[in-house]
C-alpha cells in the first residue's frame, strides 16, 4: 500500500436550560416561517459561504433539507447557529459550517453509492441522499436510528437506509464511491481502505484533542491512496471507536 501526501420578527421566549457554551444564545421559538427562512439564509450566507464553501450543490441542498427537523425540539431555535448542538444520547451535532465542508470535500456525484459512518441526527444522511444515488448509514445507537428513519420518511427520502452496527466489530460490506465519517477517529483505521471503490473519496477527521485534522482520502488505485489535508478542527470521537495501529503518510 502506498500513501501519497501532496503539498499542501416577533418571537416567543421559551425557558430551557442550555449548556454553558450555548448560554449566550437566547432560545426563541419562531412564530412564523419567515423567521426560520431568514435564519436558514443567514446560515448559508454568513457562516458557510464565509468559510470557503462555494459549491452550489452543497449550498442548495443545505438550503433545501430542513435542518431544524433534525435538531432536538428544545434546541430548534439555534438549529442554524454556528454551534454544536447537544443530543439526547450525549453526543453532539456538528456546526453547519463543518457539515458543509464535509459535503463539499466529498464532491458527490448523482450516481454515487455512499456510506455514512455515524448517522447522528440523520441530517447529513438526508443531504447526501439528495445529492447521490444511494446512501447506507450506520450507527451504534439503535434507538436514535428509529427517530432518524421517521425523519427521512417524513421528507419522502427513500434512497437512504439506516441500520445499527457495532463499529468496534464491523463495518458494512461492499465498496462505496463516497464515505463520510461524521465524528473523529483517534488514528486511521485500515478497515476503511477496503470500503473505498477505486476513484472513491473518504472524509475523515483524525487526531485527539486539541490537535485534529480534517482530510480527504482518495483511492487512486487498487493498492494506492492519496491523502489531502483540508483544515484543523476539533470534533468528538466516533462512538465506540477503538484506537487502532498508527499509520504514517
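Among 115, 131, which is touching a strand residue (DSSP E or B) at 6+ places or on another chain (Cβ under 9 Å), crowded, with 19+ Cβ neighbours inside 10 Å and either at pLDDT below 95 or farther than 21 Å from residue 194 by Cβ (or both)? Can you show your working first?
Working: 115 fails: either at pLDDT below 95 or farther than 21 Å from residue 194 by Cβ (or both).
131 is the lone residue from the list that is touching a strand residue (DSSP E or B) at 6+ places or on another chain (Cβ under 9 Å), crowded, with 19+ Cβ neighbours inside 10 Å and either at pLDDT below 95 or farther than 21 Å from residue 194 by Cβ (or both).
Considering only region 168-185, I want to know if a residue exists there that is closer than 21 Å to residue 217 by Cβ, in a strand (DSSP E or B) and over 16 Å from the mean Cα position of the chain (by Cα).
yes
Where in region 53-155 are there helices (runs of 4 or more DSSP H), lying wholly inside it, with at least 3 residues that are more than 20 Å from residue 37 (Cα to Cα) and under 15 Å from the mean Cα position of the chain (by Cα)? Break it down into steps so the answer makes sense when it comes.
Values: elements: 56-64, 96-106, 123-131, 142-154.
Passing ranges, in order: 96-106, 123-131.
Could you please let me know if residue 168 is on the phi < 0 side of the Ramachandran plot and out of contact with any strand residue (DSSP E or B) (no Cβ under 6 Å at 6 or more places or on another chain)? Spell out the reasoning first.
Numbers: on the phi < 0 side of the Ramachandran plot: yes; out of contact with any strand residue (DSSP E or B) (no Cβ under 6 Å at 6 or more places or on another chain): yes.
For residue 168, the condition - on the phi < 0 side of the Ramachandran plot and out of contact with any strand residue (DSSP E or B) (no Cβ under 6 Å at 6 or more places or on another chain) - is met.
Restricting attention to region 168-178, does a residue exist that is over 18 Å from residue 133 (Cα atoms), out of contact with any helix residue (DSSP H, G or I) (no Cβ under 9 Å at 6 or more places or on another chain), modelled with pLDDT of 95 or more and surrounded by fewer than 21 Cβ atoms within 10 Å (Cβ to Cβ)?
Within region 168-178, the first condition is being over 18 Å from residue 133 (Cα atoms), and the residues that meet it are 168-171.
Okay, now just the ones that are also out of contact with any helix residue (DSSP H, G or I) (no Cβ under 9 Å at 6 or more places or on another chain), so 168-169.
With modelled with pLDDT of 95 or more added as a condition, the list becomes none.
No, region 168-178 contains no residue that is over 18 Å from residue 133 (Cα atoms), out of contact with any helix residue (DSSP H, G or I) (no Cβ under 9 Å at 6 or more places or on another chain), modelled with pLDDT of 95 or more and surrounded by fewer than 21 Cβ atoms within 10 Å (Cβ to Cβ).
The values are calculated or read from the model by the stated rules, or taken from the named source; none is laboratory data. Note that the coordinates shown come from a computational prediction; the quantities given were computed from them, not determined experimentally. Counting neighbours? That spans all protein chains shown, and the Cβs are built from the backbone with ideal geometry, glycine included.
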